[in-house]
Each structure stands twice: as C-alpha cells, then as structure tokens.
Amino acid sequence: MKNFPLLFKLFRKNGSIPKGVTAILLILGMLIPLALPQVRGMAGETVRKKVRIGYVISPHVMEGEQGEKKSGLGYEYLQKISYYTNWEYEYIYGEWGEIYQKLLDGEIDVLEGVSRTAEREKMVLFPDYSMGTETYYIYANGNNAVAGMGMDGLRGSRIGVNKDTIMESILRKWNNNGSYGAKIKLYSGNNSLYMDFGNGSVDAIVDTDISAENEREMVPMTRLGSSEYYMVVAKDRKDLLEELNVAQNKIASTDPAFVKKLSEKYFSYEMASAKMPTDEKAWFLEHKKITVGYMIDYLPFSDREKDGSATGLVVDVMNEILSKLGQSKAVSVQYVGYRKTADLIQSIKTGKIDVAFPINDNVTLAEDNEIYLTSSVITCPMNLVFKGQYSEDKTRRMAVKQGNEIQEEYTKKHFPNAKIKYYETFEKELGALRTGKVDSIVVNGLRKDGYLSLARYRGFKAIELLETSSRAMAVNEGNNILLSILNRGISKLPTNFTIVASYPYSTKLGQSNMEDFLMENWTGVMVALTIVIVLIAAFLAFSINARRKRKILDTFAHRDSMTGLLNRRSFDEQMDQEGSAVPREDTLFVGMDLNGLKRANDTLGHAAGDELICGAAGCMKEVLGEYGRIYRTGGDEFIAILKGRHIDWSKVIAELKQSFSDWKGTYSDEISVAVGCCSSDEDPEATVRDMMRIADERLYEDKKSYYVRKGIDRRRG
C-alpha cells in the first residue's frame, strides 16, 4: 500500500481524479504488492544486491589480498550476514583511515569493526546489534627496554596509534589524566604502525586484544579500556541498515555464540531460541515436505540401505531437528542419495533437493559453490592410515574416493605433494593400501575405528592429524529462511548428540569375510584338528595376556596419571641410558616450569591449578609430541628431550610459546610457562646432562624475568 500515493500523483499532474478511478486505484493499490512476490517466485530467481565492502587487511580478522583466498573473523562474519541479506560483495581494499573516509564519502556501503561514538553516530548508521567487544591495550616491543620497566617506562615514551579512532581518544585521556607525558604519534593504518613498532621508531603502540601477536613481540603494558564494535552502514544507505538489522537478529537468535566461536577459531553455546519467528512458521505452512540429499557409502554420516532407504546420522539429525522445533508430525522428509559431492551440490542449486549433508564446513568453498552453510553439525578428528612404520614416504601416493570432496580437499591441503589415486569405494581404497598400490589414506576418526577393527586390516596403523574436520548442512544461495530454521534446530541438539548417534553406524562399517573369520578364530579351527595345537594356543594366549598385563602395569608405572605424560621415573631411566653420552643425532633439551601455579592454587583453588598443569601439558603434547618424549618431573616442572634431523628448533619453541599464549581455560584466562632449552648444535661434544644443566640455567633466568616483569614476589607466586 505504500506505493498507492504514487498512482494518485500521475493524475494530479493534469488535474483532478476522474470519478470511479478512485475505487480502481484503491483495488490496484492492494493487489499490486501482493502480486509482485508471486511474479518473482514464478521467475525462480533471487535478486542479489551489490554491496561495496571496506576490506582492511588485518591478521586473523580480514586476510587475503585482492585475488587471494580470504579468511578471518571479519570475513566469515560478512559471509554469515550475506546468507540472510542476499548481498553480493564488492571488496574495496585500503588502510583504515582511507577506507573510513570512503565510507563517509559514500564510496563504500559497509565497514566492519567501527566503535560507536557520538560524533560517528552523526556520520554513519549503526545497527541494533554490535559484532562484539574489543579491549584496548598499550603494547611495548619485547625488544625495547620499556617492556621491562613497568608503567614508569611509559612516561615520556613514544606511543603510536591509528588516528581518528576510539583508541586515539582513550590514549589521550589516559596520557593527560596520568600525566605520563607520552609523545603520541598518529598513523593512518596498521602497516606503517607495525613497521615503526618493529624498527623501534615508537616504543609502544595501542591496539586491540585480538590483534596482539607474539611474532611482533607485543608485550601488554596496561589496559586502556574496551568498547563494542559494529558493522556500520553509509549514511545514505538506510535500506542496507534495515536488512543488516534483520540478518543480525537472525544470527543472534539462531547462533548467539557465532562471534565467540569465530574468536576461538582465529585467536586462540549459549542455547539459541527454539521459538520460531513469523517467517519461519510461514515457511513450514508452505512446505510440508523437505527433500534432503546425502552421500552414499559415507557412514556414519550417511548411506543407502539395500531397500533404498537412507540411513546414518543424516536421518537422526533431521528427525531430532524437526522434533525440537515441534514439526515432526507436520513435515515429512524425503531422502535422495548421491555418490559425488559435486552432484549433491548441483542438486541444491537446481532445486532438486532442499538440504544437503554432509558438506565440508568451509565458507570459502561454499562461496565458490554459491551455497549457504549451516552451523557445524559434527566435528571429528582426521587420521592418516598406513601400513608398517611411519615415514615421509607414507604420503607419497594417497588414495581418495571418487566424489568425496571432503576427503579430497583435506588431502590436497595437508599433503600437497602427494600423488592422488581415485577409487570408486572406500573398501577399494583400503584394498589398494593393503596391496601396496597406495601408501596411505586420510580417514576421519569415526570411520577409521569401524574399518580398522576388521582382522584383514590388522596391519594398518593410524596417527591423528592436527586439524579436525567439520561437517555442516547446506541450502541453496538465497534460501535464508530454511537456513535459519536448520540453524535453530542444530543449536537445540542435545550435547554430544551427533557423536553418540554416530556410534551404532560406525560398528556397521566394513563386512567381515572368511578371511576375517579365520584370522579372528584361527585358534578355534586348530582346536578341531589337534589337542596339541589347542594346548600350544592356550599357552600362547596365556603368554600374550601376561605380557599385555605387564605392559599395562609398566605403562602405569611410567605415566603421570594427571597429564598422561611420562613421569619422573621414566625420565630418570632415560637419563641413566643416555645422560652421560653425546647424542648421535640432533637433540634439543627443553626445561619448562609453570609460572604462578602457587598463586593460582591460593587465589583460584586447586582445580584452577590442575587446569593450568593439564593445559600446559596439552600444549606441549600438541607441539612437541612428534619430536620426542615429554616428562612431568614435578608438580609444575616439565622436561622434553627432542630429536630429529635438520629441525629448526627455534621455530618449534616459538610454536610452543604461541600455543601457551593461545590457551584459555575455565578458571584461568591465560597460562605462563618459563622455558629454557639447549641444542646439541651449540656444543657437539656436550652430553645430555650438560645440555640439561644449561637448559636449567636458562629456565631459571626466564622464570626470574617473568616475576620481575610482573612485579610479583616469587615466593608468593
């Protein structure tokens, strides 16, 4: 009806409105708005609005120059918004100051990461929802003397900050109120700011908590404050603001922890509402059937039974989603099986199916395929399966199932030099590995256990890879209402629902044959032939069992029960074996000691202390585990003896410290570990005990430096 007055204006230009026309116009005014959506629906097309996005390159937030693959918290947030707005982005690159001015001049439409001030409210449009909250710190360069001088070191120092930002105003207020006399140097973007910070042109800089990077030696000196940051819209684009508000409301109601999960993903659940808004209820009234596409031969996720029906996690998840949303009786589900991911995705785009599962939870690939991803349905570990002992040759030739885009993408990403051979089924992949036609296969953990339990694959071994893999559902680009419905249902799934539901299907993987039977029951067969062999078999079984028990007892005697690391006894035995000898290969001796454990126990409780110990151990296992043995030799003391060939130990230690820095726990937000190490490269004639002595001295200095830097009495820390 809002277009109705326009019809009258056509007549008013030439005079009064003829009699009878008024009634006709009233009818047309009511019918035309109703007809337009129907016309659009008959066309079957979704019109995408072009939106110019300011893209300021920033580590972990917006990464990827023009023409490169993009990633980061801000990039993924943009993609999520586009799912609900149908926006098509044009990325405009530049420094912060330049891009912000373009926003004011109307040369771009939307910009992320803008703090709210009274002045900015006059120049740009702020939505109802913020993206999140960022905290501002003064960071000193770790190589600068200021870093070790505490707050007094900031007096008269040179501090850099991006101009025309809330950080500048907060810094000036802090400088004036505290009479620090700091010399403030303004920058128009991060590139020049970080460059001067690195070369010593400034002593410190002001930046957000999510921007701190160990590689830049950014040592936090003091917290200046915090504020919410927004995705803002150009002053003349109120149409975009309305759509942005709707999209952010959808995200907030279906995936309220979205930004939190992105923060955890890039820098280190709350329950969503099950109450559907009007548009989602209307969708169910118009759609009494949902067609779901799934992958065949992909248990526990999905497969086709002999009678043609679907089975696997896909069925359980859809049933549970409809149940949680109260639509089990009102809506039916039809399943369609596919053997190739490409065919599955194509069927979404052509409208043959409404939903697809499982789809790789990769927003970059989703954008390329013009599909929308739901929240992650399940995350599982990935394993490298091979025969015999592991070596670099095990990734020379690798098997991939034809049409399995998830397995193929993961293999190419993590083993780019491997020669890939394709097979029709997973069983044929395993057969190729067994006969030596390939050297290894990438398998997710839920499938690995089911197949490798078969006797004919008994010689196979598996190692867990560092990066997990997540599976999501997908809908066609523009189908944001169904996307919101699925996300709402996924958010209401019980804790660990998908993992528990997958177990029964994992046990169905692989079919036992006569070979498996003979391999698993050969003792019973021999019993039927001769009593002598029975006695021998019994004796062997007893011996094996006895050795297994001895091995279990030996494991308990040599493992730390809390962390799973080797214990002091294991370390002493290792030192007895090689402590007085010169290592035959490159060796790194690492001593590690938790900082502030006593303080944590005294102030936060022993549960917090235990969490710090286990957290530190987890970081050590993640980074150092592949290079050698790690021991917990005391309450907060750890040692690692690492060996390898042509290893850049400095990078390994840097990765370890980064892992400590990224850690966050339930009771504590951070973990600090003093580290001292010594490499055999420093003195080719040094024994392991010599290396231990040097590492201990360096550990003590590192720990002493920590307590001095923090201003903590070590006896109370």
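Taken together, the values in this text are just the output of simple stated rules run on the coordinates, not laboratory data. Since the model is a prediction, treat every value here as computed from it, not as a measurement. Cβ atoms come from the backbone with ideal geometry, glycine included; neighbour counts cover every protein chain shown.
Working ranking of peptides 113-123, 66-76 by packing, defined as the average number of other Cβ atoms within 10 Å per residue, highest first, is 66-76, 113-123. Only DSSP H runs of four or more residues enter the estimate; each adds -39500 (n - 2.57), and after division by the residues of the chain the mean residue ellipticity at 222 nm equals -13500 deg cm²/dmol. Applying a DSSP loop filter and a limit of 15 other Cβ atoms within 10 Å to the GluC sites (Glu not before Pro) in segment 576-661 leaves Glu585, Glu626. Among beta bridges identified by DSSP and lying wholly in the chain, the antiparallel ones come to about 65 percent.
As a length-normalised measure over Cα pairs under 8 Å and 6 or more apart, the relative contact order of segment 342-476 settles at 45 percent. Computed from phi, the 3J(HN,Hα) profile of segment 293-306 under the Karplus parametrisation 6.51, -1.76, 1.60 (θ = phi - 60°) reads x, 9, 8, 7, 6, 9, 5, x, 6, 6, 6, 10, 6, 4 Hz, with x in place of Gly and Pro. According to the square roots a ≥ b ≥ c of the eigenvalues of the Cα gyration tensor, what is the shape class of segment 382-467, taking rounded for a/c under 1.5, prolate for a/b larger than b/c otherwise, and oblate for the remainder? Taking the square roots of the gyration eigenvalues as a ≥ b ≥ c, segment 382-467 is rounded. Placing unit charges on the Cβ atoms of the charged side chains and taking the dipole of the chain about its Cα centre, the candidate lying farthest along the positive direction among Val363, Thr85, Tyr137 is Thr85. Note on Glu637/Lys183: beta-carbon distance plugged into 1/(1 + (r/R0)^6) with R0 of 41 Å gives a FRET efficiency of 0.40. Local charge for Ile296 was computed over the other residues whose Cβ lies under 9 Å away, with Lys and Arg +1 and Asp and Glu -1, and equals 0.
Could you order the peptides 336-349, 166-179 from most to least packed, using the average number of other C-beta atoms within 10 Å per residue?
Details: 336-349: 18.0, 166-179: 15.7.
The packing order, highest mean first, is 336-349, 166-179.
Please state the charge dipole magnitude for the chain, taken about the Cα centre, from unit charges on C-beta atoms (+1 on K and R, -1 on D and E), reported in debye and rounded to the nearest 20.
Details: 95 positive and 97 negative charges, 375 e Å.
Dipole size: approximately 1800 debye.
Hey, got the dipole for segment 671-717? About the Cα centre, +1 on K and R Cβ, -1 on D and E Cβ, debye to the nearest 20? Provide the component values of the computation, followed by the final result.
Values: 10 positive and 10 negative charges, 133 e Å.
Value, rounded to 20: 640 debye.
Among the GluC sites (Glu not before Pro) within segment 396-476, those in coil by DSSP and having at most 11 neighbouring Cβ atoms inside 10 Å are Glu467.
The peptide list 473-482, 135-144, 493-502, 152-161, put in order of mean Cβ contacts within 10 Å with the highest first, becomes 473-482, 135-144, 152-161, 493-502.
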